[in-house]
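Peer 1: Mind looking over this structure? Questions follow.
The values are calculated or read from the model by the stated rules, or taken from the named source; none is laboratory data. Since we're looking at a predicted model, the values are computed, not measured. Backbone-built Cβ (ideal geometry, glycine too); neighbour counts: all protein chains shown. Accessible surface areas use protein heavy atoms only, side chains included; no ligands, DNA or RNA. Shrake-Rupley method; radii C 1.70, N 1.55, O 1.52, S 1.80 Å.
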Amino acid sequence: MAVQTTAPTSATSVDLGPAAGLSCRECGERFALGPIFACEFCFGPLEVAYDLPAGDPEQLRKRIEAGPANIWRYAPLLPVPADVADKPNLNPGWTPLVRADNLARELGVEPGKLFVKDDSGNPTHSFKDRVVAQALEAARAFGFTTLSCSSTGNLAGAVGAAAARAGFRSCVFIPHDLEQGKVVMAAVYGGDLVGIEGTYDDVNRFCSELIGDPLGEGWGFVNVNLRPYYAEGSKTLAYEICEQLGWRLPDQLVIPIASGSQLTKIDKGLQELIRLGLVEDRPYKIFGAQAEGCSPVSAAFKAGHDVVRPQKPNTIAKSLAIGNPADGPYVLDIARRTGGAVEDVDDAQVVDAIKLLARTEGVFAETAGGVTVGVARKLVEQGLLDPALTTVVLNTGDGLKTLDAVAPTTGPTATIRPSLDAFRDAGLAH
């Protein structure tokens, strides 16, 4: 039987817009909409299947462009009711696509060809607000009263904030040794925050046990029993990037890998835009980025394997520190199908890339952004990323959340007496 949590409301009466049901990514079996995430026949992961709008692509473009400056402009393509914009939600999205010419010069990319999709401008300063907004609408539809998650930090804050806005109780679970900034941000919204002794994978296993227990009745775990809906939020990154590029596909994308869901859903979003005629169908390459201290997908890609072997994380990029990524095999498929690759960088390269992006473009990325910029630089050096093609690098969070990564090597240029002579003596008068 499919794993699920009992919800107070029957799933047969839910309104999730164009969502027509759930489909198994392995065997294709279809299920009714509900708080389930695994196929009862093959135990494969479920994802949302749609009846997407048909008709004139130009009319659909105009409808989208007339929508709000957040992810709900794409409501016709998402598992949400038509009146979603009227409900209490954090309304994330429509974050800047920064033309990064200064960074391009540093990396050896042609001017006008490199862009940074900067998702640090979301309400809780990470892309997780997108996926939680989707999960919240599913939680409403299924009658849940508590919003929960297992998290490496950013998701915990996003769930806490969204629950507070919507009037839900929240109870979120994190590894006990997260960055202090993320712990404070997750706790400040007033919900319950529980540290678990162990890694993220230990936290995730605990949450899976709680879902199957009466203690978890009425709980919507955004990245477990609501995962099919939650994951769809990442598609909005693909939609925004293409719309911000003038309704065209980027040639190359560099995307961080934690569970791998973001990368797979960005690809799904691009494919949907092609099928709807909203963008011209042409080749694009997707590159995955990991930290060397937690790089199971990169290791599998380089070894030519189809199976991702779990690793014990040991990296400063804690938001990506998932040693057994659920979507790892699908990431491998997409990287190979599109002609991309999966690469990794060490912690020193992550810190250097954070500083490089800040120095060149004024964007202070968290460690995951350091991973994508560092991997982009490495891919250019290896000749795998074409410097003449339009490339989008994702920054998924704000550097203020991971200050510990750069604090040891970042500080005042000089400390001087309040006098002009002291300023000159410090060599700063130039």
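Peer 1: Which is farthest toward the positive dipole end of the stretch 277-418 among THR372, ALA407, PHE301, measuring Cα position about the Cα centre, with Cβ charges +1 (Lys, Arg) and -1 (Asp, Glu)?
Peer 2: Value: ALA407.
Peer 1: So for the pair PHE41, LEU428, with labels modelled 7 Å out along Cα→Cβ, what separation do we get in nm?
Peer 2: With each label placed 7 Å out from Cα toward Cβ, I get 6.9 nm.
Peer 1: Follow-up. Can you give me the distance in nm between label points at ALA348 and ASP192, each placed 7 Å from the Cα along the Cα-to-Cβ direction?
Peer 2: 4.5 nm
Peer 1: Here's a follow-up. Would you mind getting me the FRET efficiency between LYS62 and ASP281? Use the beta-carbon distance for r and R0 = 25 Å, nearest 0.05.
Peer 2: In this case the efficiency is close to 0.75.
Peer 1: Using the Cα atoms of the stretch 353-430, I'd like the radius of gyration and the largest Cα-Cα distance, Dmax, both in angstrom.
Peer 2: 17.3, 52
Peer 1: In nanometres, what is the gap between the two model label sites at LEU245 and GLU217, each 7 Å from Cα along Cα-to-Cβ?
Peer 2: So the label points at LEU245 and GLU217 sit 5.0 nm apart.
Peer 1: Shifting gears a bit: Take peptides 220-229, 339-348, 234-243 and line them up by average Cβ neighbours within 10 Å, highest first, as a rough protection proxy.
Peer 2: 220-229, 234-243, 339-348
Peer 1: As I understand it, the dipole of the stretch 1-137 uses +1 on the Cβ of Lys and Arg and -1 on the Cβ of Asp and Glu, about the Cα centre. Which of ASN102, ALA19, PRO92 lies farthest toward its positive end?
Peer 2: Working it through, the farthest residue towards the positive pole turns out to be ASN102.
Peer 1: Per-residue ellipticity at 222 nm for the chain, helices alone: DSSP H runs ≥ 4 residues times -39500 (n - 2.57), over residue total, nearest 500 deg cm²/dmol?
Peer 2: -10500 deg cm²/dmol, from helical runs alone.
Peer 1: How big is the dipole moment of the stretch 272-430 about its Cα centre under a simple scheme where the beta carbon of each Lys and Arg is +1, that of each Asp and Glu is -1, and everything else is neutral? Debye, nearest 20, please.
Peer 2: 80 debye
Peer 1: Based on Cβ point charges of +1 for Lys and Arg and -1 for Asp and Glu, what charge dipole magnitude is obtained for the stretch 114-257 about its Cα centre, in debye rounded to the nearest 20?
Peer 2: Details: 11 positive and 17 negative charges, 80 e Å.
For this selection, approximately 380 debye.
Peer 1: What shape does the stretch 70-195 have by the C-alpha gyration tensor, where a ≥ b ≥ c are the square roots of the eigenvalues, rounded means a/c under 1.5, and otherwise prolate means a/b greater than b/c and oblate the rest?
Peer 2: oblate
Peer 1: Kindly report the accessible area of the chain per residue (heavy atoms of protein chains, probe 1.4 Å, no ligands, DNA or RNA), in Å².
Peer 2: With the other protein chains kept in place, the chain gives 40 Å² per residue.
Peer 1: For a test of the definition: using alpha carbon positions, the gyration tensor, and the 1.5 limit on a/c, classify the stretch 169-208 as rounded, prolate or oblate.
Peer 2: The shape class here is oblate.
Peer 1: Of all accessible surface on the stretch 299-425 at a 1.4 Å probe, what whole percent is carbon and sulfur? Working shown, then result.
Peer 2: Values: 3250 of 5970 Å².
Result for the stretch 299-425: 54 percent of the exposed heavy-atom area is carbon or sulfur.
Peer 1: At q = 0.15, 0.26, 0.28 Å⁻¹, what is the log10 ratio I(q)/I(0) for the stretch 212-283, with the Debye formula run over Cα points and no solvent?
Peer 2: The calculated log intensity ratios at q = 0.15, 0.26, 0.28 Å⁻¹ are -0.56, -1.16, -1.26.
Peer 1: With springs only between Cα atoms under 10 Å apart, run a GNM on the chain and tell me which of ARG377, ARG205, ARG417 wobbles the most.
Peer 2: For the chain, modelled as a Gaussian network with Cα springs under 10 Å, the answer is ARG417.
Peer 1: When the distances between all Cα atoms of the stretch 268-391 are binned every 5 Å from zero, what whole-number percent does each bin get?
Peer 2: Taking every Cα pair in the stretch 268-391, the percentages come to 2, 11, 18, 20, 20, 15, 10, 3, 0.
Peer 1: Right, another one. Distance between Cα centroids, the stretch 219-269 to the stretch 304-325: provide it in whole Å.
Peer 2: 19 Å
Peer 1: As an exercise, take the mean of 1/r over every pair of distinct alpha carbons in the chain, invert it, and state the Kirkwood radius in angstroms.
Peer 2: 22.0 Å
Peer 1: For THR410 and ASP15, calculate 0.36 nm times their separation in residues minus their Cα-Cα distance, and state this gained length in nm to one decimal.
Peer 2: Extra length from THR410 to ASP15 when fully extended: 137.2 nm.
Peer 1: Quote the FRET efficiency, to the nearest 0.05, computed for ASN314 versus SER419 with a Förster distance R0 of 56 Å and r equal to the Cβ-Cβ distance.
Peer 2: In this case the efficiency is close to 0.75.
Peer 1: Follow-up question, since we're still on this one. Would you kindly state how much longer the chain becomes between ASN102 and ALA299 on full extension, computed as 0.36 nm times their sequence separation minus their alpha carbon distance, in nm to one decimal? Kindly include the intermediate steps, with their values, before the conclusion.
Peer 2: On the way: separation 197, 0.36 × 197 = 70.92 nm, distance 3.14 nm.
Between ASN102 and ALA299, full extension yields 67.8 nm more.
Peer 1: Sticking with this one: Using a 1.4 Å probe on the protein heavy atoms, what percent of the accessible area of the stretch 19-151 belongs to carbon and sulfur?
Peer 2: With neighbouring chains kept in place, the figure for the stretch 19-151 is 47 percent.
Peer 1: Taking the Cα centre as origin and putting +1 on Lys and Arg beta-carbons and -1 on Asp and Glu beta-carbons, what dipole magnitude results for the chain, to the nearest 20 debye?
Peer 2: Dipole magnitude for the chain comes out near 440 debye.
Peer 1: If each Cα of the stretch 158-293 is one equal point scatterer, what is log10 of I(q)/I(0) from the Debye formula at q = 0.18, 0.22 Å⁻¹?
Peer 2: -1.09, -1.29
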